[in-house]
Amino acid sequence: MKLYKLAVISLIVLVSCQSQKTENKDSEMDMFISKLMNEMTIQEKIGQLNLVTPGGGILTGSVVSSDVEAKIRNGNVGGIFGVYGPEKVRQAQKLAVEESRLKIPMLFGSDVIHGYKTTFPIPLGMACSWDMERIEQAAQIAAKEATADGIFWNFSPMVDISRDPRWGRISEGSGEDPYLGSQIAKAMVNGYQQNDVSASNTMMATVKHFALYGAAEAGRDYNSVDMSRLKMYNEYLPAYKAAIDAGAGCVMSSFNDVDGIPASGNKWLLSDLLRGEWNFDGFVVSDYTSVNEMIAHGLGDLQAVSALALNAGLDMDMVGEGFLTTLEKSLKEGKVSEENINTACRRVLEAKYKLGLFDDPYRYIDESRPQKDILTKENRAAARETAAHSFVLLKNNKQVLPLKKSGKVALVGPLADSQNNMLGTWAPTGDHSEAITVIKGFNNVIGNDVEVLYAKGANIVDDTQYAEKINVFGPKVNIDKRSPEQMIREAVAAAKKADVIVAVVGEASEMSGESASRSEITIPECQKKLIRELSKTGKPLVLVIMSGRPLAISEENELADAILFTWHPGVEAGNAIADVVFGDCNPSGKLAATFPRNVGQIPLYYAIRNTGRPQAGETFTKFKSNYLDVSNSPLFPFGYGLSYTQFAYSNLQMSSTKLTSEGAIQVSVDVKNTGNFDGEEVIQLYIRDVVASITRPMKELKGFKKEMILKGESKTVSFEISEKDLRFYNSQLHFDSEPGEFEVFIGGNSDQLLKASFILEK
Ligand code: BGC
């Protein structure tokens with residue numbers, strides 16, 4: 001036992017004359033915490049439930065904590081976020097462990113959503129890589145960099161399933177699918193925690209936002225959610241559970257209501273489900289002032305909502321200080337019990353114990369680390385590769401891409417030379433000045449035989465009021481002094497001189513993310529005009545589209561010869577884009593979220609249930625389920641993405657057409673690379689439960705593999721299906737499979753699949 005822990009224990013033994021309340025558990029941790037808690041006053045226990053931010057980072061609420069130093073000294077702070085760097089973290093921790101009465105160390109947290117300083121692509125982009133090793137590696141690198149700066153508690157992964165691209169925060173998650181989302185949740189928790197949260201280069205993960213935040217009505221942020229339990233259990237909850245099963249130490253409650261009760265005060269959610277059904281044993285932190293926000297939800301005054309939250313099972317109150325300022329009063333008035341305060345306090349202290357803070361409160365502070373561990377060449381190389389693997393090639397007529405490294409390229413568009421927009425939303429620890437723009441990336445990669453003719457061509461948006469809303473965290477949209485017409489003329493002039501046009505268009509980084517919902521999800525009109533004019537030149541037109549959400553790009557899909565959808569690619573953006581555009585890397589991303597044709601189709605996702613009046617094919621049929629003005633199909637389906645090469649699927653084989661509860665079926669397919677490039681392909685397996693006691697999705701992803709297949713090579717790729725893959729929650733919320741026929745589909749996207757079937761016998 002280290003000196004520090006001994007000091008805390010001897011302090012406890014000296015001061016304590018109280019007999020210990022016996023706890024069931026008698027592990028070293030339990031004994032240690034019990035002893036410590038015996039020394040704590042009620043207010044000190046409540047202090048552990050208080051999470052503050054002194055400001056300085058990106059603030060997502062209107063409140064910032066005040067008098068932070070005094071509160072730390074008085075034992076009124078359990079954790080802090082928005083403080084970075086060994087020196088500052090040491091200073092703050094010192095106040096807690098040297099100047100507070102019980103010397104309890106604080107948690108230091110942050111939002112490290114897609115990399116710390118080495119910013120990776122936005123999470124939705126990374127999800128499109130379908131590459132669990134890269135995603136885990138990105139999380140591992142983030143943890144190494146963040147801990148080098150003294151941060152050891154991460155408010156990530158964000159695993160909210162979302163099927164509504166109007167919602168700006170779809171950018172922060174892994175898209176629409178519970179299976180893919182669950183695999184990614186697991187990979188991220190493993191990457192952050194690496195099975196040992198106490199190691200000096202790992203950080204505790206927080207799964208958020210529990211729960212259903214991605215299903216906000218009309219895609220408007222923070223809006224109500226209303227959903228059947230069946231949909232919750234089968235589609236929206238699995239990703240949270242996967243993160244918890246992978247050992248995430250913390251859960252963050254969401255802003256929205258669930259079944260009419262805001263998540264932060266929802267006992268069913270935070271206690272019955274999370275702890276009762278799922279056995280979660282970490283602690284639950286609220287979202288930013290989400291306890292206080294229950295006042296606006298109409299659940300009572302601050303004292304009432306704080307008591308509601310504690311009684312529901314919330315352990316730590318982020319920024320709002322409802323716990324700090326009202327729980328003692330509620331205890332006196334019998335509105336909360338001492339037991340509930342103790343339970344919450346114990347959970348927070350357990351996390352500190354597991355992180356090793358009682359052994360050494362300064363364990364994550366090492367002044368030599370930032371220099372060694374942050375933004376290293378290796379980390380940047382990983383970010384560059386991950387970005388290149390997250391891009392989705394949506395169209396590539398006549399093999400326009402990859403471009404040859406010779407000739408003249410017109411590089412146009414408002415995002416071609418826009419350093420401030422490369423990192424993407426929610427990169428509060430990233431540094432824009434480190435980001436590689438597309439023009440820089442091109443110059444790094446093209447060699448001597450390509451001439452780049454640059455023109456901005458358009459603003460991201462022309463409307464100054466709109467720009468102001470986007471520019472809240474700094475200038476993302478610069479409205480040019482030149483007129484829109486002038487800029488278009490310059491771009492067209494460059495295009496006319498070039499062999500090919502590459503137009504880098506789309507959203508500014510803060511056009512998605514928190515509080516950035518959009519009711520139209522098209523490319524802004526001023527950029528659409530540019531694209532129209534460019535297409536009129538008759539030169540091959542390549543669109544590189546950056547965005548934090550799926551966009552409705554039907555018109556651009558008609559006008560462009562090639563479309564590479566790059567999301568916001570992170571600190572190595574320009575290099576990664578140049579790698580793919582000029583063929584040093586063959587794109588292999590596949591959509592993790594469906595692209596609708598227009599907003600009216602939303603929510604649109606592949607795993608739909610059949611109606612009683614399904615329409616066969618695309619032709620409108622009266623009295624079938626359809627629209628008068630748009631077809632049912634998406635513009636690009638889930639799982640879709642092209643490569644510079646082509647893959648042919650054949651020979652779907654099954655080891656048996658009968659499956660029993662104990663057995664397994666092997667399903668295999670041959671995938672041949674029939675094109676001219678080596679390439680990676682994501683082979684996807686879907687299953688349909690043909691007859692069941694409830695309506696079931698037409699297809700559900702149940703497996704995938706990403707394989708490198710060399711030019712001319714054919715690979716047999718196999719999957720195993722067992723009875724447990726066929727289970728679902730039925731009307732009684734019982735998780736089981738039902739016997740009968742199942743269809744099995746394998747292919748390169750959710751729409752183009754080979755099919756076979758088998759029978760489950762039970
Ligand atoms: C966001 C969370 C984030 C928190 C702290 C909130 O506004 O919803 O995702 O972790 O702020 O920064």
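Brief remarks follow.
- Taking a straight Cα-Cα cut-off under 13 Å and skipping sequence neighbours fewer than 8 places away in the same chain, the aspartates and glutamates within cross-link reach of K404 are D449, E451, D499, D579, D584.
- Counting every pair of alpha carbons in the range 39-369, the share spaced more than 27 Å apart comes to 39 percent.
- Dividing the mean sequence gap of close Cα pairs (under 8 Å, 6+ apart) by how many residues the range 440-588 holds gives a relative contact order of 27 percent.
- Nearest-0.05 FRET efficiency for D196 and Q399, computed from C-beta distance (R0 56 Å): 0.70
- At full extension, K672 and K536 could sit 45.2 nm farther apart than now, given 0.36 nm per residue minus the alpha carbon distance.
- For GluC sites (Glu not before Pro), the sites in the range 299-379 that DSSP calls loop and that have at most 13 other Cβ atoms within 10 Å are E333, E367.
- Cα-only Debye scattering, the range 307-348: base-10 log of I(q)/I(0) at q = 0.29, 0.33 Å⁻¹: -1.12, -1.35
- The protection proxy used here, the mean number of other Cβ atoms lying within 10 Å of each residue, ranks peptides 408-418, 708-718 as follows, highest first: 408-418, 708-718.
- Neighbour net charge for K755 - beta-carbon separation under 11 angstrom, K R +1, D E -1: +1
- Counting neighbouring Cβ atoms within 10 Å and putting the fewest first, the residues F283, F742 line up as F742, F283.
- Beta-bridge orientation, the chain: approximately 55 percent antiparallel, per DSSP, counting only bridges with both partners inside.
- The Cα center of the range 266-317 and the Cα center of the range 640-682 differ in position by 46 Å.
- Among E69, E136, the ranking by other beta carbons within 10 Å of each residue's beta carbon, starting with the fewest, stands as E69, E136.
- Aspartates and glutamates with Cα under 14 Å of K395, excluding same-chain neighbours fewer than 8 positions away: E555, E556, E558, D561
- For the chain, the relative contact order comes to 13 percent (Cα pairs under 8 Å, sequence separation of at least 6).
- Charged-residue dipole, Cβ positions (Lys, Arg, Asp, Glu), the chain about Cα centre, Debye nearest 20: 980 debye
- Sparse-neighbourhood loop sites, GluC sites (Glu not before Pro) in the range 528-630 - DSSP loop, at most 11 other Cβ within 10 angstrom: E618
- Loop sites in the range 121-194: chymotrypsin sites (Phe, Trp or Tyr not before Pro), DSSP, at most 12 other Cβ within 10 Å: none
- The range 647-761, relative contact order [Cα under 8 Å, separation at least 6], %: 32 percent
- Projected label distance in nm at D584 and D463, using a 7 Å step from Cα toward the beta-carbon: 4.0 nm
- Coupling constants for the range 422-428 follow from the phi torsions by the Karplus curve (6.51 cos²θ - 1.76 cosθ + 1.60, θ = phi - 60°), and in residue order they are 7, 6, x, 5, 6, 10, x Hz; glycine and proline get x.
- Counting only DSSP beta bridges whose two residues both lie in the range 659-762, roughly 95 percent are antiparallel.
- Projected label points at D629 and T716, each 7 Å from Cα along the beta carbon direction, are separated by 5.3 nanometres.
- Set of lysines near K335 by C-alpha distance (under 22 Å), chain-local residues within fewer than 8 positions excluded: K45, K267
- If R0 is taken as 56 Å, the Cβ-Cβ distance between E662 and N223 corresponds to a FRET efficiency of 0.75.
- Calculated P(r) tail over 20 Å for the range 673-762, as whole % of Cα pairs: 43 percent
- Scattering profile of the range 467-562 at q = 0.18, 0.23 Å⁻¹ [log10 I(q)/I(0), Debye over alpha-carbon scatterers]: -0.89, -1.25
- Whole-Å semi-axes of the range 570-614's equivalent ellipsoid (Cα gyration tensor): 35, 12, 9
- Surrounding net charge for D499, when Lys and Arg each add one and Asp and Glu each subtract one, Cβ distance under 10 Å: +3
- Sum of side-chain charges, P121 neighbourhood, beta-carbon under 12 Å (Lys, Arg +1; Asp, Glu -1): -2
- Computing FRET efficiency as 1/(1 + (r/R0)^6) for K496 and A756, where r is the C-beta to C-beta distance and R0 is 56 Å, gives about 0.60.
- Averaging the Cα positions of each part gives two centres, and for the range 182-231 and the range 707-749 these lie 24 Å apart.
- When the chain is reduced to its Cα atoms, the Kirkwood hydrodynamic radius in Å: 27.2 Å
Each value in this text was obtained by applying a stated rule to the coordinates, not by laboratory testing. These numbers were taken from a predicted model, which means no experiment stands behind them. Note: ideal-geometry Cβ built from the backbone for every residue, glycine included; neighbour counts use all protein chains shown.
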